[in-house]
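Take a look at the structure below.
Read the figures in this text as sums done on the coordinates, not as results from a lab. Since the structure is predicted, the reported quantities are computational estimates derived from the model, not experimental observations. Here the Cβ positions follow ideal geometry from the backbone for every residue, glycine too, while neighbour counts run over all protein chains shown.
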Amino acid sequence: MEIVAVDGRDSGVFERFFKLRDEVRREEEFPSGLGLEEARVLMAGEHSDLRANGLGLVDGDDWLGIAWLDWWLLENTHLVEVELAVAAPYRRTGVGSRLLEAVVERAKQDGRRLLSSTILGDAETGESAGTAFAASHGFVRKLVELHQVLELPLSEERLAELDQPVAGYEIVQWREHTPDRWVEQFADALSAMSVDVPMGELDHEPARWTPERLREAEARRLKQGRFCHTTVAIDPHGQLAAYTQTGGGTGNPERLYQWDTFVRPEHRGRRLGLAVKVPNFCSLQAELDRPAVLHTWNATTNTPMIAVNVHLGFRPVAQRTDWELEL
Ligand SMILES: CC(C)(COP(=O)(O)OP(=O)(O)OC[C@H]1O[C@@H](n2cnc3c(N)ncnc32)[C@H](O)[C@@H]1OP(=O)(O)O)[C@@H](O)C(=O)NCCC(=O)NCCS
C-alpha cells in the first residue's frame with residue numbers, strides 16, 4: 001500500500017483519483033461537485049490564487065481513498081482545505097486516518113497551521129460518517145450551512161409571478177466576460193461580499209478581488225468548460241448596488257449552482273436580492289436543454305438569504321458543516 005501524489009498533469013493517475021471522488025459524491029441524494037475537466041484544469045494549471053493537488057492511498061491497482069487539497073496562495077495562506085473520500089468497501093479500516101496523517105505532514109512542511117474541511121451531513125442533525133470521523137480526529141465544528149435545492153426549469157407563469165423589478169435600478173446582465181465598464185466595481189463588490197458573508201467561527205480571511213484576478217478567474221472558468229450567468233442592479237448614480245451569479249459545468253449540466261448574491265449594505269431592504277435573482281434564473285434556464293437541480297448553501301444564521309430562497313421555492317435537503325483542525 002502506498003500514498004501517491006496526484007495532480008492534473010498525469011491523466012492516468014488523475015482519472016483514477018477523480019473517479020473515486022466522484023463515486024463517493026454520487027452517494028448523496030443531490031450530488032454536487034466538479035466534473036472531470038473542471039477538476040483537471042484546477043489541478044493541472046498554474047493559478048495565481050490557488051494550488052490544488054491530491055493524494056491517493058493505493059494498493060496495486062486498487063484505489064482505497066483520496067484526499068483533495070486546496071492551498072490558497074494570496075490569502076488564507078495559513079490553512080489547507082481538505083476533502084477526504086474513502087471507497088465504500090474500505091471504510092472503517094483506517095484509510096481515512098492514514099490519508100489525514102499524510103495531509104497533516106504535508107501541511108506542516110508547507111508551514112500551514114490549520115486544516116479546514118467541509119463535511120456533508122443529515123438535513124436534520126447535520127451528522128454523518130464524515131462528522132464522526134472529523135470529531136474523532138480533533139476537528140472542531142465552526143460553521144453550519146443549509147443545503148437547499150430548486151428543480152429547474154420553473155414555469156413561465158411562476159417566473160412572471162416572482163419577477164418584481166425595483167424602481168430606480170437598472171438590470172444589467174452578462175455571461176463569461178464582465179464588461180470593461182463594470183469590471184472595477186464588480187471586483188470591488190466581490191471583495192465586499194467576501195467580507196460580509198457569514199463565516200461563523202471560521203479562521204478564514206476574506207478574498208481581495210482585483211480586475212486582474214477577476215480576468216484570471218474568467219479565463220480559468222472558460223478552460224474548465226464552466227458557464228456563468230451574472231445579473232447586477234445599477235442605481236441611478238451608476239453604482240453597482242447588487243449582483244448574483246449562477247452557473248455550472250458542461251461536464252455535469254444537470255448540476256447548477258447559485259453562487260454569490262450580494263446587496264451593498266446601503267441598498268438593503270428593497271428586495272434587490274429577488275430583483276436580481278429572478279432575471280438571472282430566466283437567463284440560466286433559457287439555455288437549459290434538460291431538467292436540472294440548482295444547488296445553494298448558506299450559513300444557517302443567514303436568515304434573509306434563506307428566506308429569499310424559500311420564497312423562490314428552494315427546499316432544504318442537507319446540512320453542510322465546516323470544521324477546523326489546529327496543527
Ligand atoms: C469520512 C470518511 C472519509 C472516513 O474514512 P474511513 O477510512 O472510514 O475512516 P477511518 O477508518 O480512518 O476511521 C477513523 C475513526 O473515525 C470515526 N468514524 C469513521 N467513520 C465513522 C462512522 N461511519 N460512524 C462513526 N464513527 C466513524 C471512528 O472513530 C473511526 O475509528 P474506529 O473505526 O476505530 O471507531 C469516509 O466515511 C468517507 O469517505 N465518507 C464519505 C465522504 C466524506 O464524508 N468525507 C469527509 C469529508 S472531508
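The figures follow:
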{"read-out": "FRET efficiency for LEU162 and MET1, using Cβ-Cβ distance with R0 set to 35 Å, rounded to 0.05", "value": "0.05"}
{"read-out": "In order through segment 311-327: 3J(HN,Hα) via Karplus (6.51 cos²θ - 1.76 cosθ + 1.60), integer Hz, x for Gly, Pro", "value": "4, 7, x, 5, 10, x, 10, 6, 10, 10, 10, 10, 10, 10, 10, 6, 9"}
{"read-out": "Residues of type aspartates and glutamates that LYS277 reaches as a straight line, Cα spacing below 17 Å, ignoring anything fewer than 8 places off in the same chain", "value": "GLU151, GLU156, GLU157, GLU161, ASP163, GLU170, ASP235, ASP260, GLU287"}
{"read-out": "Residue among TRP182, PHE281, PHE30 farthest towards the positive dipole end of the chain, charges placed on Cβ", "value": "TRP182"}
{"read-out": "Cβ charges +1 (Lys, Arg) and -1 (Asp, Glu), total dipole of the chain, debye", "value": "140"}
{"read-out": "Listed residues LEU256, LEU79, LEU312, most fluctuating in the chain (Gaussian network, C-alpha, under 10 Å)", "value": "LEU312"}
{"read-out": "Whole-Hz ³J(HN,Hα) from phi, Karplus 6.51 cos²θ - 1.76 cosθ + 1.60, for segment 119-132, glycine and proline x", "value": "10, 7, x, 4, 4, 8, 9, x, 8, 6, 4, x, 6, 5"}
{"read-out": "Cross-link reach list, aspartates and glutamates versus LYS142, counting only Cα pairs under 13 Å and skipping chain neighbours closer than eight places", "value": "GLU201, ASP203, ASP322, GLU324, GLU326"}
{"read-out": "Most mobile listed residue (ARG270, ARG112, ARG221) in the chain, GNM with C-alpha springs under 10 Å", "value": "ARG270"}
{"read-out": "Normalised contact order of segment 46-140, rounded percent, pairs of Cα under 8 Å and 6 or more residues apart", "value": "21"}
{"read-out": "Radius, Kirkwood style, for the chain when every pair of distinct Cα atoms is counted (Å)", "value": "20.9"}
{"read-out": "Selected from GLU176, GLU38, GLU145 as most flexible by GNM, with the chain as the system and alpha-carbon contacts under 10 Å", "value": "GLU176"}
